[in-house]
Amino acid sequence: MEFRKIEYGHRVMKIDSELTEATVIERKNRFLVEVESSGRTLNVHLHDPGRLKELIFPGSKVNIRKTKGEKTSFSITSVIHNGEEILIDTRFHNRIAEIFINGSFRREVTHGDSRYDFGIEDGYVEVKGCSMQLGEYVIFPDAPTSRGAKHIRNLTKMRNEGMDTNLIFLLFRRNTKYFYPNIVTDPIFAEAFFEAVSSGVGMIFPRFSMKGDSIFFEGMNTIGENPFN
(Lines give C-alpha, C1' and ligand atoms only; values in the text may rest on other atoms or scores of the structure.)
Protein backbone atom coordinates (compact mmCIF):
# COMPACT_ATOMS: atom_id res chain seq x y z
CA MET A 1 0.00 0.00 0.00
CA GLU A 2 1.20 3.49 -0.80
CA PHE A 3 0.52 5.68 2.22
CA ARG A 4 -1.26 8.98 1.76
CA LYS A 5 0.99 12.02 1.92
CA ILE A 6 0.00 14.60 4.53
CA GLU A 7 1.11 18.24 4.48
CA TYR A 8 3.55 19.26 7.21
CA GLY A 9 1.76 21.15 9.99
CA HIS A 10 -1.66 19.74 9.04
CA ARG A 11 -4.06 19.35 11.96
CA VAL A 12 -4.92 15.66 11.91
CA MET A 13 -7.33 15.63 14.83
CA LYS A 14 -9.27 17.89 17.18
CA ILE A 15 -10.45 16.57 20.53
CA ASP A 16 -14.08 17.50 21.02
CA SER A 17 -13.93 17.80 24.80
CA GLU A 18 -12.81 20.49 27.21
CA LEU A 19 -9.40 19.72 28.71
CA THR A 20 -8.56 20.60 32.30
CA GLU A 21 -5.08 20.59 33.82
CA ALA A 22 -4.42 18.29 36.79
CA THR A 23 -1.45 17.14 38.87
CA VAL A 24 -0.71 13.48 39.41
CA ILE A 25 -0.76 12.35 43.05
CA GLU A 26 -0.32 8.61 42.55
CA ARG A 27 -0.65 5.96 39.87
CA LYS A 28 -2.78 3.42 41.71
CA ASN A 29 -2.61 0.70 39.09
CA ARG A 30 -2.10 0.22 35.37
CA PHE A 31 -5.24 2.14 34.38
CA LEU A 32 -6.14 4.25 37.44
CA VAL A 33 -4.44 7.48 38.48
CA GLU A 34 -5.23 9.77 41.40
CA VAL A 35 -4.91 13.47 40.51
CA GLU A 36 -5.60 16.90 41.99
CA SER A 37 -7.51 19.40 39.87
CA SER A 38 -8.91 22.77 41.01
CA GLY A 39 -8.71 21.73 44.64
CA ARG A 40 -10.45 18.37 44.07
CA THR A 41 -8.94 14.90 44.35
CA LEU A 42 -10.10 12.66 41.49
CA ASN A 43 -9.56 9.11 40.33
CA VAL A 44 -9.10 9.22 36.55
CA HIS A 45 -8.75 6.58 33.86
CA LEU A 46 -5.46 6.12 31.97
CA HIS A 47 -6.19 4.46 28.63
CA ASP A 48 -2.65 3.40 27.75
CA PRO A 49 -1.18 -0.05 28.46
CA GLY A 50 2.40 1.22 28.61
CA ARG A 51 4.40 1.73 31.78
CA LEU A 52 4.91 5.47 31.07
CA LYS A 53 7.22 5.75 34.08
CA GLU A 54 9.02 8.75 32.62
CA LEU A 55 5.70 10.56 32.06
CA ILE A 56 3.23 9.57 34.81
CA PHE A 57 4.62 10.06 38.33
CA PRO A 58 3.74 12.13 41.42
CA GLY A 59 3.84 15.80 40.47
CA SER A 60 3.58 15.37 36.70
CA LYS A 61 1.07 17.60 34.91
CA VAL A 62 -1.70 16.06 32.82
CA ASN A 63 -4.77 17.20 30.92
CA ILE A 64 -8.01 15.40 31.73
CA ARG A 65 -11.46 15.37 30.13
CA LYS A 66 -14.89 14.18 31.18
CA THR A 67 -15.79 10.75 29.84
CA LYS A 68 -18.83 8.49 29.99
CA GLY A 69 -19.41 4.78 30.38
CA GLU A 70 -16.40 4.08 32.58
CA LYS A 71 -15.82 3.46 36.28
CA THR A 72 -14.37 6.97 36.53
CA SER A 73 -15.82 10.28 35.32
CA PHE A 74 -12.56 11.58 33.81
CA SER A 75 -9.78 10.27 31.57
CA ILE A 76 -6.22 11.48 31.07
CA THR A 77 -5.84 12.78 27.53
CA SER A 78 -2.28 14.10 27.53
CA VAL A 79 0.72 14.72 29.75
CA ILE A 80 2.91 17.82 29.83
CA HIS A 81 6.57 16.81 29.95
CA ASN A 82 9.44 19.31 29.63
CA GLY A 83 7.02 21.80 28.10
CA GLU A 84 5.73 19.33 25.50
CA GLU A 85 2.14 18.08 25.38
CA ILE A 86 2.06 14.33 24.63
CA LEU A 87 -1.08 12.37 23.74
CA ILE A 88 -1.38 9.26 25.94
CA ASP A 89 -4.92 8.05 25.23
CA THR A 90 -4.75 5.14 22.79
CA ARG A 91 -8.44 5.49 21.86
CA PHE A 92 -7.44 8.31 19.49
CA HIS A 93 -4.72 6.37 17.67
CA ASN A 94 -6.78 4.76 14.92
CA ARG A 95 -8.60 8.01 14.24
CA ILE A 96 -5.23 9.61 13.55
CA ALA A 97 -3.74 6.66 11.66
CA GLU A 98 -6.58 6.26 9.17
CA ILE A 99 -5.77 9.55 7.44
CA PHE A 100 -2.59 7.91 6.12
CA ILE A 101 -4.47 5.01 4.47
CA ASN A 102 -5.16 5.33 0.76
CA GLY A 103 -8.39 3.82 -0.52
CA SER A 104 -11.14 2.03 1.34
CA PHE A 105 -10.62 0.20 4.62
CA ARG A 106 -12.48 -1.65 7.35
CA ARG A 107 -11.91 -1.00 11.04
CA GLU A 108 -11.08 -3.69 13.61
CA VAL A 109 -10.87 -6.82 11.46
CA THR A 110 -9.97 -10.39 12.40
CA HIS A 111 -7.68 -12.77 10.55
CA GLY A 112 -6.97 -16.14 12.11
CA ASP A 113 -6.66 -15.69 15.85
CA SER A 114 -5.56 -12.03 15.68
CA ARG A 115 -7.39 -8.75 15.29
CA TYR A 116 -5.91 -5.90 13.25
CA ASP A 117 -6.70 -2.21 13.34
CA PHE A 118 -7.60 -1.95 9.65
CA GLY A 119 -8.38 -4.27 6.78
CA ILE A 120 -7.50 -3.03 3.29
CA GLU A 121 -8.12 -4.50 -0.16
CA ASP A 122 -5.54 -7.28 0.02
CA GLY A 123 -4.17 -7.10 3.53
CA TYR A 124 -4.02 -5.38 6.88
CA VAL A 125 -2.70 -2.34 8.72
CA GLU A 126 -1.65 -2.42 12.37
CA VAL A 127 -1.13 0.74 14.45
CA LYS A 128 1.27 1.28 17.36
CA GLY A 129 1.39 4.46 19.45
CA CYS A 130 4.80 5.49 20.81
CA SER A 131 5.68 8.10 23.42
CA MET A 132 9.03 7.00 24.89
CA GLN A 133 11.98 9.19 23.90
CA LEU A 134 15.71 8.47 23.96
CA GLY A 135 17.59 11.53 22.68
CA GLU A 136 16.60 12.04 19.04
CA TYR A 137 14.84 8.66 18.97
CA VAL A 138 11.36 7.44 19.74
CA ILE A 139 11.64 3.86 20.99
CA PHE A 140 8.96 1.19 21.33
CA PRO A 141 7.78 -0.61 23.38
CA ASP A 142 8.28 0.70 26.92
CA ALA A 143 7.16 -2.67 28.31
CA PRO A 144 7.37 -6.22 26.91
CA THR A 145 4.52 -6.89 24.47
CA SER A 146 4.02 -10.47 23.36
CA ARG A 147 0.87 -9.37 21.56
CA GLY A 148 2.84 -6.78 19.58
CA ALA A 149 5.49 -9.31 18.55
CA LYS A 150 2.78 -11.77 17.52
CA HIS A 151 1.07 -9.14 15.37
CA ILE A 152 4.29 -8.26 13.58
CA ARG A 153 5.25 -11.90 12.97
CA ASN A 154 1.79 -12.54 11.51
CA LEU A 155 2.10 -9.50 9.25
CA THR A 156 5.50 -10.75 8.09
CA LYS A 157 4.13 -14.21 7.36
CA MET A 158 1.24 -12.76 5.35
CA ARG A 159 3.63 -10.45 3.50
CA ASN A 160 5.79 -13.44 2.54
CA GLU A 161 2.64 -15.08 1.18
CA GLY A 162 1.98 -12.11 -1.10
CA MET A 163 -0.45 -10.05 0.99
CA ASP A 164 -0.26 -6.30 1.54
CA THR A 165 0.63 -5.82 5.22
CA ASN A 166 1.61 -2.56 6.88
CA LEU A 167 2.56 -0.93 10.17
CA ILE A 168 1.95 2.65 11.25
CA PHE A 169 3.99 3.75 14.26
CA LEU A 170 2.50 6.99 15.62
CA LEU A 171 5.26 8.98 17.31
CA PHE A 172 4.09 11.54 19.86
CA ARG A 173 7.44 13.21 20.55
CA ARG A 174 7.96 16.21 18.29
CA ASN A 175 11.67 16.82 18.93
CA THR A 176 12.89 13.55 17.42
CA LYS A 177 14.23 12.31 14.09
CA TYR A 178 14.43 8.53 14.34
CA PHE A 179 12.63 5.39 15.42
CA TYR A 180 14.14 2.23 16.85
CA PRO A 181 12.68 -0.84 18.58
CA ASN A 182 13.47 -1.04 22.28
CA ILE A 183 15.90 -3.95 22.16
CA VAL A 184 16.67 -3.61 25.88
CA THR A 185 13.11 -3.85 27.15
CA ASP A 186 11.76 -6.28 24.53
CA PRO A 187 14.38 -8.02 22.36
CA ILE A 188 11.73 -10.45 21.07
CA PHE A 189 9.67 -7.58 19.65
CA ALA A 190 12.83 -6.03 18.18
CA GLU A 191 13.71 -9.27 16.42
CA ALA A 192 10.20 -9.51 14.97
CA PHE A 193 10.42 -5.87 13.87
CA PHE A 194 13.61 -6.35 11.88
CA GLU A 195 12.24 -9.54 10.31
CA ALA A 196 9.28 -7.46 9.12
CA VAL A 197 11.60 -4.80 7.69
CA SER A 198 13.57 -7.46 5.79
CA SER A 199 10.38 -9.01 4.42
CA GLY A 200 9.09 -5.72 3.05
CA VAL A 201 6.20 -5.06 5.43
CA GLY A 202 5.14 -1.47 4.73
CA MET A 203 6.03 0.97 7.52
CA ILE A 204 5.79 4.65 8.26
CA PHE A 205 6.76 6.62 11.35
CA PRO A 206 4.70 9.87 11.40
CA ARG A 207 5.61 12.34 14.14
CA PHE A 208 3.10 14.61 15.89
CA SER A 209 2.85 17.58 18.20
CA MET A 210 -0.06 18.49 20.44
CA LYS A 211 -1.28 21.99 21.22
CA GLY A 212 -4.34 22.19 23.45
CA ASP A 213 -7.08 20.10 21.86
CA SER A 214 -5.34 19.66 18.49
CA ILE A 215 -2.85 17.15 17.08
CA PHE A 216 -0.55 18.27 14.24
CA PHE A 217 1.55 16.28 11.76
CA GLU A 218 5.23 17.22 12.11
CA GLY A 219 6.86 15.01 9.48
CA MET A 220 8.22 11.47 9.21
CA ASN A 221 10.93 9.83 11.29
CA THR A 222 13.16 7.14 9.86
CA ILE A 223 14.74 4.01 11.33
CA GLY A 224 18.03 5.14 12.81
CA GLU A 225 21.21 3.39 13.86
CA ASN A 226 21.15 1.43 17.12
CA PRO A 227 21.00 4.09 19.90
CA PHE A 228 21.77 1.53 22.60
CA ASN A 229 25.37 0.90 21.45
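Just a yes or no: is a residue in segment 153-164 within 30 Å of ARG65 (Cβ to Cβ) and either of a type outside the set (Val, Ile, Thr) or in a loop (DSSP other than H, G, I, E, B) (or both)?
In the first step, residues of segment 153-164 are kept if they are within 30 Å of ARG65 (Cβ to Cβ); the result is none.
No, segment 153-164 contains no residue that is within 30 Å of ARG65 (Cβ to Cβ) and either of a type outside the set (Val, Ile, Thr) or in a loop (DSSP other than H, G, I, E, B) (or both).
Give me the residue from segment 151-195 that is among the hydroxyl-bearing types (Ser, Thr, Tyr) and within 19 Å of the chain's Cα centre (by Cα) and, out of that set, nearest to ASP48 (Cα to Cα).
For segment 151-195, the residue satisfying everything is THR185.
Can VAL184 be described as under 27 Å from ILE120 (Cα atoms), of a type in the set (Val, Ile, Thr), modelled with pLDDT of 95 or more and out of contact with any Pro (no Cβ under 9 Å at 6 or more places or on another chain)? Before the answer, list the steps.
Values: under 27 Å from ILE120 (Cα atoms): no; of a type in the set (Val, Ile, Thr): yes; modelled with pLDDT of 95 or more: yes; out of contact with any Pro (no Cβ under 9 Å at 6 or more places or on another chain): yes.
In short, no.
Would you pick out the residues in segment 181-227 that are polar (S, T, N, Q) and in contact (Cβ under 8 Å) with a residue 60 or more places away in the chain?
SER209, SER214, ASN221
Name the strands (runs of 3 or more DSSP E) wholly inside segment 58-121 in which the number of residues that are in contact (Cβ under 8 Å) with a residue 60 or more places away in the chain is 2 or more.
Details: elements: 61-66, 74-81, 84-87, 106-111, 114-120.
Fully inside segment 58-121 and qualifying: 74-81, 84-87.
Find the residue count for segment 122-141, including only residues that are over 11 Å from the mean Cα position of the chain (by Cα), in contact (Cβ under 8 Å) with a residue 60 or more places away in the chain and not in a strand (DSSP E or B).
The number of residues fulfilling the criteria is 2.
So how many residues does segment 142-154 have that are crowded, with 22+ Cβ neighbours inside 10 Å and either out of contact with any helix residue (DSSP H, G or I) (no Cβ under 6 Å at 6 or more places or on another chain) or over 17 Å from SER199 (Cβ atoms) (or both)?
1
Any idea how many residues of segment 14-43 are basic (Lys, Arg), more than 16 Å from SER73 (Cβ to Cβ) and surrounded by 11 or more Cβ atoms within 10 Å (Cβ to Cβ)?
Adding up the residues that qualify gives 2.
Across segment 25-70, which residue is modelled with the lowest pLDDT among those that are small (Gly, Ala, Ser) and within 27 Å of ILE139 (Cα to Cα)?
Filtering first and then ranking leaves GLY50.
Would you mind finding the one in LEU52, LEU42 that is hydrophobic (A, V, I, L, M, F, W, C), within 21 Å of SER146 (Cα to Cα), outside the structural domain of SER131 (by TED's automatic domain parsing) and in contact (Cβ under 8 Å) with a residue 12 or more places away in the chain?
LEU52
What residue, of GLY123, GLY129, is small (Gly, Ala, Ser) and over 17 Å from ILE223 (Cα atoms)?
Checking each option against the conditions leaves just GLY123.
The values are calculated or read from the model by the stated rules, or taken from the named source; none is laboratory data. Being a predicted model, the structure only gives us computed values, none of them experimental. Counting neighbours? That spans all protein chains shown, and the Cβs are built from the backbone with ideal geometry, glycine included.
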